[in-house]
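> Once you've had a glance at the structure underneath, I'll fire off some questions.
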Amino acid sequence: MIDSIKSLNAIAVISETNTKGSSPLFVIAEDDQEYFVKASSVQPPKMELINELICSYFLKCWNIQTPEIALIKFDKQVVDAYTKEKGPLSWKYKSIDFEKEICFASRQIKPVIEFEKYIKGLGKKQDFHLFRRPLDFLKIGVFDIWVANKDRKPENPNILVSGFGKFDFNPIDHAAAWGYLSHPMDITIPKLHLEEKFRILNVPLSKSIAKFAKISELKELQLEIHENILTTLKYLDFIFEQVPKEWGLSDKGKNKIRHVLADNGRILSISNSYLSYLK
């Protein structure tokens, strides 16, 4: 069961995060939780925000741990209080009217461990058992092939490791789904081929997970992924309903995305795509 997305007001901006991409704002919302907030100055469809929202829901359907998300709105005085104390926001925010903008927010996860600690592989079986669901890493790699996410790759994994006692893989940042295409009407299956350099499965961790996992579990993962895709398709209309109308995802755009995700041939080939990375 998945829930409708929450709508919250920001009560304070703490900082602007320094990244090469969207430079999210780190804020406190009215539920007293801390969020990383992304806004978009482009004209609708606001694909980066749409991608973040729908892929977060898709990951829930795949039973993969991911940060809680929300829609965030700002009052002008909240932004003014920050700029008065710490100076202006970067140029990326100059054309954004915060009083009208509906922003995408993902709740901060803590504590987190650097994923880079594990990307070169698990040294021993005890390391494998540190993770609650170690095969989730393989599922994340397959998920990225399914949605053609070009921004989770060996040099930029965009995965957080979190938890107490047992760890979880938390994929973040899905703005580059659909191969960075800027309009859903441009989405076609040939355009969604994900080159090897963009595949997170191309890291030593994949093979080391296969080394310690049971052969039966690795084989059964294909069926699990197939069922996860079917679950996502079942909830697709509900997920699309969570996208703010202001972001401009049209019915035709929804149907384009649905057509690609539901293609049976593509589903079958992608469901077992992880196997070639385990040898």
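> Need a quick list: helices (runs of 4 or more DSSP H) entirely within the stretch 209-279 having at least 2 residues that are over 22 Å from residue 136 (Cα atoms).
Hits in the stretch 209-279: 236-241, 251-261, 264-271.
> Criterion first (open to solvent by 60 Å² or more (accessible area, probe 1.4 Å), in contact (Cβ under 8 Å) with a residue 60 or more places away in the chain and more than 22 Å from residue 53 (Cβ to Cβ)) does residue 120 satisfy it?
Yes: the conditions hold for residue 120.
> I've got another one for you. For the stretch 8-35, name all the residues that are under 19 Å from the mean Cα position of the chain (by Cα), surrounded by fewer than 16 Cβ atoms within 10 Å (Cβ to Cβ) and among the hydroxyl-bearing types (Ser, Thr, Tyr).
Scanning the stretch 8-35 gives 17, 19.
> Restricting attention to the stretch 237-279, which residues are closer than 20 Å to residue 52 by Cα and of a type in the set (A, V, I, L, M, F, W, C)?
Let us first name the residues in the stretch 237-279 that are closer than 20 Å to residue 52 by Cα, namely 237-262.
Hits for the stretch 237-279 are 238, 239, 240, 243, 247, 249, 257, 260, 261, 262.
> Within the stretch 79-102, is there a residue that is in contact with a strand residue (DSSP E or B) (Cβ under 7 Å, 6 or more places away or on another chain) and of a type in the set (Lys, Arg)?
Within the stretch 79-102, none of the residues are in contact with a strand residue (DSSP E or B) (Cβ under 7 Å, 6 or more places away or on another chain) and of a type in the set (Lys, Arg).
Rundown of residues vs (1) open to solvent by 10 Å² or more (accessible area, probe 1.4 Å); (2) within 12 Å of the chain's Cα centre (by Cα), yes/no style:
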residue	(1), (2)
152	no, yes
161	no, no
165	yes, no
168	yes, no
171	no, yes
176	no, yes
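> Sort out which residues of the stretch 87-117 are open to solvent by 60 Å² or more (accessible area, probe 1.4 Å) and more than 22 Å from the chain's Cα centre (by Cα), and write them in order of number.
Listed by number, the residues that qualify are 88, 91, 94, 95, 97, 99, 100.
> Within the stretch 192-214, can you find the residues that are under 30 Å from residue 247 (Cβ atoms) and without any contact (Cβ under 8 Å) to a residue 40 or more places away in the chain?
If the condition is that a residue be under 30 Å from residue 247 (Cβ atoms) and without any contact (Cβ under 8 Å) to a residue 40 or more places away in the chain, then 195 is the only one that fits.
> Only one of 38, 84 is crowded, with 20+ Cβ neighbours inside 10 Å and basic (Lys, Arg). Can you tell me which? Break it down stepwise before answering.
Working: 84 fails: crowded, with 20+ Cβ neighbours inside 10 Å.
Being crowded, with 20+ Cβ neighbours inside 10 Å and basic (Lys, Arg) holds for just one of 38, 84, which is 38.
> Would you mind telling me which numbered condition in (1) modelled with pLDDT of 95 or more; (2) part of a loop (DSSP other than H, G, I, E, B) residue 99 fails?
Only one criterion is unmet by residue 99, namely (1).
> OK, next. Within the stretch 230-249, is even one residue aromatic (Phe, Trp, Tyr), at negative phi and exposed (fewer than 13 other Cβ atoms within 10 Å of the Cβ)?
Yes, there is a match, as at least one residue in the stretch 230-249 is aromatic (Phe, Trp, Tyr), at negative phi and exposed (fewer than 13 other Cβ atoms within 10 Å of the Cβ).
> Can you tell me which residue among 60, 92 is at pLDDT below 95 and not in a loop (DSSP other than H, G, I, E, B)? Even if it seems obvious, please write down each step before you answer.
Working: 60 fails: at pLDDT below 95.
The unique qualifying residue is 92.
> Hey, could you check the stretch 185-208 for residues that are open to solvent by 20 Å² or more (accessible area, probe 1.4 Å), touching a helix residue (DSSP H, G or I) at 6+ places or on another chain (Cβ under 9 Å) and not in a loop (DSSP other than H, G, I, E, B) and say which is nearest to residue 267 (Cα to Cα)?
Step by step, filter the stretch 185-208, then rank; the result is 191.
> How many residues, within the stretch 41-59, are surrounded by fewer than 21 Cβ atoms within 10 Å (Cβ to Cβ) and among the charged types (D, E, K, R)?
Selection size over the stretch 41-59: 0.
> Then there is this: Conditions: (1) surrounded by fewer than 16 Cβ atoms within 10 Å (Cβ to Cβ); (2) part of a helix (DSSP H, G or I); (3) not hydrophobic (A, V, I, L, M, F, W, C). Residue 182 meets all but one. Number of the miss?
(2)
The values are calculated or read from the model by the stated rules, or taken from the named source; none is laboratory data. Predicted, not measured: the structure shown is a model, and the values here were computed from it. Glycine gets a Cβ as well: all are built from the backbone with ideal geometry, and neighbour counts include every protein chain shown. Heads up: the accessible areas ignore ligands, DNA and RNA and are worked out on the full protein's heavy atoms, side chains in. Shrake-Rupley method; radii C 1.70, N 1.55, O 1.52, S 1.80 Å.
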